[in-house]
Amino acid sequence: MKKKQPIGVFDSGLGGLTVVKSLIEQMPYEDIIYFGDTARVPYGGRSCETIQAYACQDVDFLLQYDVKAVVIACNTADAMARKLIEQRYPLPVVGVVGPAAQKAVSVSKNKKIGVICTRATVKSGAYEAAAKAVDPAVRVFTRACPLLVPLVENGRFAKEDKVVQIILDEYLEPLHREGIDTLVLGCTHYPLLKDAVAQCLPDVQIICSGEASTDTLHEMLVANDLLNDSQDAGVHRYFVSDDAAGFTENAELFLGRSLDGAVQCVQI
């Protein structure tokens with residue numbers, strides 16, 4: 001039965017849907033339970049203790065649906081709470097930071113890697129630690145980009161958008177001056193900005209943390225004989241802690257498709 005159990009995914013809001021998109025594309029037969037903590041978004045400006053408490057409450061909610069694995073689809077929660085979650089819960093846990101850092105190290109030629117993310121993720125040092133665990137010679141340059149999430153959630157991410165160009169230029173120029181050849185989009189909102197970022201840094205490899213985490217989860221499920229071997233399309237259920245209508249309205253931007261089920265508002 002474990003193979004048939006769903007994968008649990010949580011995020012502080014909408015951004016984790018970019019991870020769900022990758023999961024659906026790579027593992028279309030898996031059932032998915034998604035929880036977006038929209039009542040308490042964003043996590044990025046909160047204390048470590050608060051983020052850990054929220055993340056554990058998110059996992060407790062997912063466990064009600066007997067999930068076989070948990071994906072932390074929030075860079076901030078992964079950076080601050082993954083170790084605690086791994087200690088507390090006896091099931092496979094995959095974050096976004098480690099897989100993205102490992103992929104960045106594997107593709108970088110000059111060992112200079114940039115990361116754009118939230119202030120909390122910068123403060124945690126999680127990307128530097130994950131990258132240097134793979135290759136101690138790597139240099140990692142992180143940059144907090146607080147204006148990008150509200151831009152994306154307001155539909156402002158097209159590469160032709162002059163406001164987007166101005167803000168990205170300001171955030172990315174210091175990384176460009178450092179000579180990075182690889183950039184991690186260290187927030188699950190940022191894949192929507194990938195084309196705009198690529199326009200600013202045309203010679204830089206761009207890594208989406210959600211795609212990297214999906215690759216790692218697939219390997220983990222195969223290794224533990226947990227990959228769903230059904231040929232039926234997976235069932236996807238979506239839960240939020242506030243504003244289900246707003247979540248539904250914006251979800252298609254992140255998921256790349258309309259939701260295939262109703263969004264349910266719950267209290268945790």
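Observations on the structure shown:
- Residue in the stretch 160-182 that is touching a Phe, Trp or Tyr at 6+ places or on another chain (Cβ under 8 Å), within 22 Å of residue 20 (Cα to Cα) and β-branched (Val, Ile, Thr) present: no
- Close pairs from the stretch 152-164: first within 17 Å of residue 201 (Cβ to Cβ) and without any contact (Cβ under 8 Å) to a residue 60 or more places away in the chain, partner among the aromatic types (Phe, Trp, Tyr) and surrounded by 20 or more Cβ atoms within 10 Å (Cβ to Cβ), Cβ under 7 Å, at least 6 apart: 164/157
- Single match in 242, 229 (criterion: more than 16 Å from residue 20 (Cα to Cα), over 21 Å from the mean Cα position of the chain (by Cα), surrounded by fewer than 18 Cβ atoms within 10 Å (Cβ to Cβ) and not small (Gly, Ala, Ser)): 229
- Helices (runs of 4 or more DSSP H) wholly inside the stretch 193-268 containing at least 2 residues that are at pLDDT 95 or above: 194-200, 209-223
- If you go through the stretch 174-190 and keep only what is in a helix (DSSP H, G or I) and within 13 Å of residue 117 (Cβ to Cβ), you end up with 175, 190.
- Residue selected from the stretch 76-109 under the condition in a helix (DSSP H, G or I) and hydroxyl-bearing (Ser, Thr, Tyr), by the criterion surrounded by the most Cβ atoms within 10 Å (Cβ to Cβ): 76
- The numbered conditions (1) of a type outside the set (A, V, I, L, M); (2) under 25 Å from residue 76 (Cβ atoms); (3) assigned by TED's automatic domain parsing to the domain that holds residue 54 are all true for residue 231 except (2).
- Some residue of the stretch 56-69 being under 21 Å from residue 193 (Cα atoms) and not hydrophobic (A, V, I, L, M, F, W, C): no
- Those helices (runs of 4 or more DSSP H) lying entirely in the stretch 110-173 with at least 2 residues surrounded by 15 or more Cβ atoms within 10 Å (Cβ to Cβ) and among the β-branched types (Val, Ile, Thr): 119-124, 148-153
- Criterion: in a loop (DSSP other than H, G, I, E, B), of a type in the set (Phe, Trp, Tyr) and in the same structural domain as residue 77 (by TED's automatic domain parsing) - qualifying residue of 43, 34: 43
- Across the stretch 60-81, the number of residues qualifying as in contact with a strand residue (DSSP E or B) (Cβ under 6 Å, 6 or more places away or on another chain) and not polar (S, T, N, Q) comes to 10.
- Among the residues making up the stretch 191-221, those that are buried (at least 21 other Cβ atoms within 10 Å of the Cβ), in contact with a Phe, Trp or Tyr (Cβ under 9 Å, 6 or more places away or on another chain) and not small (Gly, Ala, Ser) are 191, 192, 193, 197, 208.
- Single condition residue 88 does not satisfy, out of (1) over 15 Å from the mean Cα position of the chain (by Cα); (2) in the same structural domain as residue 146 (by TED's automatic domain parsing); (3) not hydrophobic (A, V, I, L, M, F, W, C): (2)
- Selection status of residue 101, outside the structural domain of residue 55 (by TED's automatic domain parsing), under 30 Å from residue 256 (Cα atoms), without any contact (Cβ under 8 Å) to a residue 40 or more places away in the chain and under 18 Å from the mean Cα position of the chain (by Cα): no
- Those residues of the stretch 92-107 which are within 18 Å of residue 74 (Cβ to Cβ) and aliphatic (A, V, I, L, M), in sequence order: 93, 94, 96, 97, 100, 101
The values are calculated or read from the model by the stated rules, or taken from the named source; none is laboratory data. Treat the numbers as computed from the prediction; the structure is a model and nothing was measured. Note that each Cβ is placed from the backbone with ideal geometry, even for glycine, and that neighbours are counted across all protein chains shown.
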